[in-house]
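Heads up: the structure comes next, in structure tokens.
The values are calculated or read from the model by the stated rules, or taken from the named source; none is laboratory data. Since the structure is predicted, the reported quantities are computational estimates derived from the model, not experimental observations. Here the Cβ positions follow ideal geometry from the backbone for every residue, glycine too, while neighbour counts run over all protein chains shown.
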Amino acid sequence: MTGDAGDQMEEAAEIATEAFERNAELGAAMTEAWFDAFDSQADEENYEDAFEGYTKAAETWMEAYNDVAEGTANTIESGEFEAEEVRDIWLNAANQALKDVMTTSAFAAATGDTMKQAMEMKKQMDDAADDAIAEMGFATSADVTEVGERLVEVERRIHEVESKIDRLIEEVE
């Protein structure tokens, strides 16, 4: 083997090893995040659905590992290394694994809980901001809304009075 081919194979092995390690870490992090996210979803149906989605995602990752291993073996045989091919394998695997997970009802339930918590937090922050604004003597959004509603009512009453005046003028003429 020439120096270039040997260097190329060594580079391929290093990249494949690094990719494998990073993806093993990513897979572990995904698993941990997955089970943390569904810890609050105690009903059996969601757990079964979550487990099924995770199983599909894990199978996708394992297929990617196999594809990279085959690609590394082919690199050793041919002496040619395509970094883009390895990258594409992992990107496609990540996309498919996310689809596997995100299409479960368990994911939807966890997302709904997260959105509910975010909306509650936003309300608390809005209330705190309104309190701070009111303490400084400025109008809050509730104050502005109330003034707007009063103005609309005043306009309605003015229009009603104008209509009555117009009718009275017509009667007098």
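Here's the yes/no breakdown for (1) more than 29 Å from Glu52 (Cα to Cα); (2) of a type outside the set (A, V, I, L, M, F, W, C):
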residue	(1), (2)
Leu91	no, no
Asn95	no, yes
Met121	yes, no
Ala132	yes, no
Gly137	yes, yes
Glu155	yes, yes
Leu168	yes, no
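The residues listed here are Ala106, Ala64, Ala97, Ala134; of these, the one that is touching a Ser or Thr at 6+ places or on another chain (Cβ under 9 Å) and in contact (Cβ under 8 Å) with a residue 40 or more places away in the chain is Ala97. Glu173 meets all of the listed conditions (1) surrounded by 10 or more Cβ atoms within 10 Å (Cβ to Cβ); (2) at pLDDT below 85 but one, namely (1). Scanning region 97-118 for residues that are over 18 Å from Phe51 (Cα atoms) and aliphatic (A, V, I, L, M) gives Met115, Ala118.
Which condition does Asp67 not pass, out of (1) within 30 Å of Glu14 (Cβ to Cβ); (2) loosely packed, with under 12 Cβ neighbours inside 10 Å; (3) of a type in the set (D, E, K, R), if it passes all the others? Of (1) within 30 Å of Glu14 (Cβ to Cβ); (2) loosely packed, with under 12 Cβ neighbours inside 10 Å; (3) of a type in the set (D, E, K, R), only one is false for Asp67: (2).
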